[in-house]
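The values are calculated or read from the model by the stated rules, or taken from the named source; none is laboratory data. Source: prediction; values computed, not measured. Counting neighbours? That spans all protein chains shown, and the Cβs are built from the backbone with ideal geometry, glycine included. Heads up: the accessible areas ignore ligands, DNA and RNA and are worked out on the full protein's heavy atoms, side chains in. Shrake-Rupley method; radii C 1.70, N 1.55, O 1.52, S 1.80 Å.
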Amino acid sequence: MENKETGEAVELAEGIYWVGAIDWNGRDFHGFTTPGGTTYNSYLVVGEKTALIDTVKEPFAGEMLKRIGQVIDPEKLDYIVVNHMELDHAGALVELKKLTKAKVLITRRGRDILDGYFKASCSSWDFEIVRTGDRLSLGGKNLLFLEATMLHWPDSMETFLQEDGILFSNDAFGQHAATSKRYDFEVGDMIPDAAEYYANILMPFGTPLLRYLGKLEEFGIKPVQIAPSHGVIWKQDLEKILKAYTAWANGEVKEKVLVIYDTMWGSTEIMAREITEAVRQAGVEVKLLHLRKNPRNLIMKEMLDTSAFAVGSPTLNNGIFPTVGDFLVYLKGLRPQKKKAAAFGSYGWGGGAVKTIEQELKNSGVDVLEPGLQVRYRPEEKELEKCRELGRQLAEIAKK
Ligand code: FEO
């Protein structure tokens with residue numbers, strides 16, 4: 001059971017092994033900055049027959065194969081369960097299939113994606129399409145499949161190991177953290193990492209997530225461990241993470257305001273600080289977030305439980321600053337729920353930034369407080385007072 005970080009397979013329970021890979025140096029996960037790296041978790045279940053649940057990112061295939069090889073000969077693997085076809089989990093599939101004739105169990109949509117990526121390699125593979133409620137007996141270990149459509153791809157699926165109560169949840173409940181430990185109780189509080197992961201990967205999918213949690217109840221599934229495909233396994237904090245996921249999926253927010261901005265010659269920053277101070281004086285938690293000092297995924301983590309926010313930009317070439325544009329594009333994709341926002345910014349002659357921000361916020365589904373606040377060159381006292389008014393208004397919204 002003990003993981004000594006020797007590169008060995010880790011036995012999680014009798015006949016269940018972690019055989020994944022640790023990406024200590026991963027610093028960018030398709031735009032998600034990961035200063036602490038990540039893991040790609042692959043699990044081997046050994047009954048009378050054997051099944052591998054998910055693989056790893058392709059460059060880590062050797063690491064995974066080495067770990068599998070410490071438990072069984074990979075050639076003798078009977079089944080490979082593909083919970084999700086994104087290449088951080090399915091990238092090593094081709095390498096593995098060169099060694100084994102194992103049958104691939106996958107959803108219909110997953111099969112389409114697999115064809116899209118690996119058509120040249122997979123035509124001779126043995127497949128079985130699985131749906132919600134399908135089961136696979138390994139002899140002493142029984143797997144139940146549950147489609148988890150749009151958590152976070154159309155093909156996403158989760159697999160429940162009935163005898164041991166382990167839910168192999170793939171991306172859901174993940175965290176980007178490279179660690180030599182496999183369990184939550186070995187590393188401390190991982191809820192903040194899970195919040196950041198949720199905000200950046202699963203935020204748009206609150207409705208399918210609630211549907212999925214309902215499905216767990218319908219099937220009477222009460223996991224005693226949730227083993228995601230990134231980060232640590234939830235055991236000690238299992239109830240906590242389930243509660244947090246329910247709150248996040250419902251878009252629950254707290255008394256909190258964000259002031260997000262970039263600045264060219266300091267005017268937008270003066271406004272941002274004035275707004276921030278007014279929120280603070282109104283007794284509401286506030287965070288000032290400069291877009292060149294904070295990765296967008298950290299800002300989205302803060303966004304998760306925020307009631308209201310303001311976005312500020314100087315006008316550049318009649319539009320917004322590039323970093324503000326980058327953030328607004330990212331925000332639009334993540335479709336935050338139940339939030340109100342305002343735009344502010346500075347300009348010299350034509351203006352344009354505030355209108356562009358407002359339009360982009362509306363496109364993100366955010367309720368926009370209009371009109372936004374514009375200042376020409378440097379804010380004077382009457383304009384600073386307007387910034388304070390905006391801060392008080394945002395604080396009032398947060399209190400409601
Ligand atoms: Fe961790 Fe959707 O892949």
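Summary table
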{"read-out": "Contour minus Cα-Cα distance for SER121 and ASN317 (0.36 nm per residue)", "value": "65.6 nm"}
{"read-out": "Exposure ranking of LYS66, LYS141, LYS287, LYS400 by accessible area [1.4 Å probe, largest first]", "value": "LYS400, LYS66, LYS287, LYS141"}
{"read-out": "Charge dipole (the stretch 178-251, unit charges on Cβ, about Cα centre) - positive-most of PHE205, PHE219, LEU238", "value": "PHE219"}
{"read-out": "Listed residue (TRP265, LEU369, GLY325) projecting farthest to the positive dipole end of the stretch 258-395, Cβ model", "value": "GLY325"}
{"read-out": "Reach of LYS293 by Cα under 12 Å, taken over aspartates and glutamates that are not fewer than 8 positions away in the same chain", "value": "ASP262"}
{"read-out": "Exposure of TYR117 as accessible area (Å², to 10), given a probe of 1.4 Å and all protein chains", "value": "110 Å²"}
{"read-out": "Rounded to 10°, Cα long-axis angle of helix 381-399 versus longest principal axis of the chain", "value": "40 degrees"}
{"read-out": "Cross-link partners of LYS362 among aspartates and glutamates (Cα-Cα below 15 Å; sequence separation of 8 or more within a chain)", "value": "GLU370"}
{"read-out": "For the chain, convex hull volume per residue from C-alpha positions, Å³", "value": "137 Å³"}
{"read-out": "Probe 1.4 Å, all protein chains present, accessible-area order of GLU274, GLU218, largest first", "value": "GLU218, GLU274"}
{"read-out": "Above-threshold pairs, the threshold being 18 Å between Cα atoms, out of LYS66/LYS98; LYS256/LYS332; LYS338/LYS400; LYS256/LYS386; LYS57/LYS97; LYS243/LYS399", "value": "LYS256/LYS332; LYS256/LYS386; LYS243/LYS399"}
{"read-out": "Amide H within-cut-off set for GLY37, under 5 Å, with H built and near neighbours excluded", "value": "ALA178"}
{"read-out": "Accessible area per residue, Å², the stretch 263-330 with all protein chains present, probe 1.4 Å", "value": "41 Å²"}
{"read-out": "Amide H within-cut-off set for VAL286, under 5 Å, with H built and near neighbours excluded", "value": "VAL257"}
{"read-out": "Rounded percent of accessible protein surface that carbon and sulfur make up, the chain, 1.4 Å probe", "value": "49 percent"}
{"read-out": "Most to least accessible of TRP125, TRP265 (protein chains only, probe 1.4 Å)", "value": "TRP265, TRP125"}
{"read-out": "Set of lysines near LYS240 by C-alpha distance (under 16 Å), chain-local residues within fewer than 8 positions excluded", "value": "LYS222"}
{"read-out": "FRET efficiency, GLU381 to LYS98 (Cβ-Cβ, R0 60 Å, nearest 0.05)", "value": "0.25"}
{"read-out": "Net charge dipole size for the stretch 10-249 [Lys, Arg +1 and Asp, Glu -1 on Cβ; Debye, nearest 20]", "value": "360 debye"}
{"read-out": "Between 0 and 90°, nearest 10: helix 206-218 axis offset from the chain longest Cα axis", "value": "40 degrees"}
{"read-out": "LYS76/LYS400 FRET efficiency (R0 60 Å; Cβ-Cβ; nearest 0.05)", "value": "0.45"}
{"read-out": "Cβ-placed point charges (K, R +1; D, E -1), dipole of the chain about Cα centre in debye, nearest 20", "value": "900 debye"}
{"read-out": "Nonlocal amide H pairs with ILE80, under 5 Å, H built at 1.01 Å", "value": "LEU52, LYS103, VAL104, LEU105"}
{"read-out": "Acute angle (nearest 10 degrees) that the helix 322-334 long axis makes with the longest principal axis of the chain, alpha-carbon atoms", "value": "50 degrees"}
